Amino acid sequence: ATSTIRRDLAKENLLEEIIVYRGPSQDQISMYQIIEPDVAQIDQKVGKDEQWYFVFKPILNDGSPAKMSEIILVQQPE
């Protein structure tokens, strides 16, 4: 199955990029990819008994980081 994470950012015009962190557990999250601010979703294949944790870190146009997102758990529905 494929899960889709959507991220709505009200201040998109202030964003330079978004750093996406991903890991198989909350203790094993590392940088996954950097996306442009206009990317509205990331698709993640999730196998049976598999789960992924995501965190988003917005970087503003002046180079400063904004507040990181809450940890998002993606897993296959029961």
Open item on the list: Quick check: pseudo-label points 7 Å beyond the Cα along Cα→Cβ at S64 and Y32, how many nm apart are they?
Closed with: 2.8
Open item on the list: Need one number: the % of Cα-Cα pairs in region 30-78 sitting beyond the 15 Å mark.
Closed with: 55
Task: For L60, residues with placed amide H under 5 Å, excluding near neighbours - done: E16, A66
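Every read-out reported here was derived from the displayed coordinates using simple, explicitly stated rules and does not represent laboratory data. Source: prediction; values computed, not measured. Heads up, the Cβs are rebuilt from the backbone with ideal geometry, glycines too, and the neighbour counts pull from every protein chain shown.
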